[in-house]
Amino acid sequence: MKMPPLNAGDPEAILPELGRRLRTRCIIPYLGPGLAELSNPDVPMTPEALATFFAGKVALPRRAKGNVWAAAQYIETSRHRSVLTRLMAQAFASPSEPTPLHRHLAALSLPVIVDTWYDGATCAALAKYEGWGEIQGVPRAGTGKDHWYRFYDAGGREVDWVAAQNWTTVLYKPHGAVTPARNFLISDADYVEVLTEIDIQTPIPLAVKERRTGSSFLFIGCRFNDQLLRTFARQLLKRSGRVHYAILDLNSMTRNERKFLAEQNIVPLAIALPRAIEILLCH
């Protein structure tokens, strides 16, 4: 089947302007694991790699092999949620070193940084600054509470939503993170509850919804080759700016990824990530 056409932009012409827009805090970085992967961390940096990690720890049925969310669900069901949490903490036990772009973004006092992987690279980059905090997606199953996320200040202490309103920068980790409290959205059951209500925006924190209004997103190190990843991105883009941008490899994209970019008015910038970072850091 023929691939959907893409209105690709000229990265060398567009990225300098995006770098300037980052400095003026009118564009929101949306980080995937491909960015932290540049620092060669000793942790799984793709859903496929995390699925392989699970398979090395637990004998998985064929239907769960290669699918990280199904693998996590099998572990949670057959063993216990505590076993799944322990394996996730083990997988991400080694600290991820922030890249130069992580450090650059941390210094800009951006209203929101979205980071969609479980490592702590962005948090580590922000650690030297004050006036920021983190909102993490949390699994509702077994908590006995009607909430979708938790708030943590720069010191890793849990706080309430009122404190978050005063943060200069919100680090939003929609899938959770290994630090400071091992919150992980990872199993199929975790996502069933979130996806049931995400269309009406309930699982997205108010602080994020307010700060995204009118802003464009810049996707860095992201893939959208899974329906779940596309759904989260689509819902975060609601009520934001009209045009968005993504640094990616056009040759490796699937048909569904191309369709998603076209539907969401995301301009693909076909450029190697290290070169894109070089441009962003200079403007």
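A short reminder: the numbers here are calculations on the coordinates, not readings from a lab. Since the model is a prediction, treat every value here as computed from it, not as a measurement. Ideal geometry is used to build each Cβ from the backbone, glycine not excepted, and the neighbour counts take in all protein chains shown.
Some notes on this structure:
- Approximating the spin labels as points 7 Å out from Cα along Cα→Cβ, the Arg275-to-Ser94 distance works out to 2.9 nm.
- Label-to-label distance, nm, for residues given as Glu210 and Arg255 (7 Å Cα→Cβ offset): 4.4 nm
- Per residue, the convex hull spanned by the Cα atoms of the chain measures out at 128 cubic angstrom.
- Computed label-point distance, nm, for sites Val243 and Val192 using a 7 Å Cα→Cβ extension: 4.3 nm
- Alpha carbon centroid spacing (whole Å) that separates region 230-264 from region 172-193: 22 Å
- Here's the picture: charge each Lys and Arg Cβ at +1 and each Asp and Glu Cβ at -1 in the chain, and of His283, His175, Gly66 the one pushed furthest to the positive end of that dipole is Gly66.
- For region 148-256, relative contact order (Cα pairs under 8 Å, six or more residues apart, normalised by length) works out to 21 percent.
- The charge dipole of region 135-283, taken about the Cα centre with unit charges on the Cβ atoms of Lys, Arg (+1) and Asp, Glu (-1), comes to about 340 debye, rounded to the nearest 20.
- Note on the chain: dipole from Cβ charges, positive end direction compared against Thr77, Leu206, Ala106; the farthest Cα belongs to Thr77.
- Under the Debye formula (equal points on every Cα, no solvent term), log10 I(q)/I(0) of region 44-91 at q = 0.16, 0.20, 0.23, 0.25 Å⁻¹: -0.33, -0.53, -0.71, -0.85
- Sites matching chymotrypsin sites (Phe, Trp or Tyr not before Pro) across region 101-137 that sit in DSSP coil, with at most 16 neighbouring C-beta atoms within 10 Å: Tyr129
- Computed about its Cα centre, the charge dipole of region 13-81 is approximately 200 debye, with only Lys, Arg, Asp and Glu carrying charge at their Cβ.
- Packing around the peptides 96-103, 231-238, taken as the average count of other Cβ atoms within 10 Å per residue, puts them in this order, highest first: 96-103, 231-238.
- Relative contact order (percent, whole number), the chain, Cα cutoff 8 Å, 6+ residue spacing: 25 percent
- Counting only whole DSSP H helices of the chain, there are none at least 20 Å long by C-alpha along their axis and with mean Kyte-Doolittle hydropathy no lower than 0.5.
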